Amino acid sequence: QVQLVESGGGSVQPGGSLRLSCAASGSIFGINAMGWYRQAPGKQREFVATITNGGTTNYADSVKGRFTISRDNAKNTVHLQMNSLKPEDTAHYYCSALRFGGTYWGQGTQVTVSS
């Protein structure tokens, strides 16, 4: 089993920034990609960004140029730097880890963008 714990969510005004972090523990051997997804009220969970062990990143079109995903393999941690936040970024953000074909999820952290 892999345990994922997110931190760094909160409330921010439009145009502001937040940095999310996710720490992985447990059976971390074999994790080959980590990422972030989000779910807004009344909507399905959607992809935000992923990063592989080798550092290859992928972003949803809606966040390209504003969000940056990074990974510290030594600390088993992944970060999501979110800049130029918009009200439509408001959602519960979930960390994910892909390991041997299975996906693990954290409990999530809330991000609210409002004036």
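Computed from the coordinates by the stated procedures, all read-outs in this text should not be read as laboratory data. Predicted model, so just to flag it, every value in this text is computed and none were measured. In this analysis, Cβ positions are derived from the backbone assuming ideal geometry, glycine residues included, and neighbour counts consider all displayed protein chains.
With respect to the conditions (1) charged (D, E, K, R); (2) surrounded by fewer than 14 Cβ atoms within 10 Å (Cβ to Cβ); (3) outside any loop (DSSP other than H, G, I, E, B), Glu6 lacks only one, and its number is (2). When residues in the stretch 71-109 are screened for being surrounded by 13 or more Cβ atoms within 10 Å (Cβ to Cβ), of a type outside the set (A, V, I, L, M, F, W, C) and in a strand (DSSP E or B), 11 of them pass.
Checked against the criterion of being among the aliphatic types (A, V, I, L, M), part of a loop (DSSP other than H, G, I, E, B) and closer than 20 Å to Gln110 by Cα, the stretch 44-61 has at least one qualifying residue.
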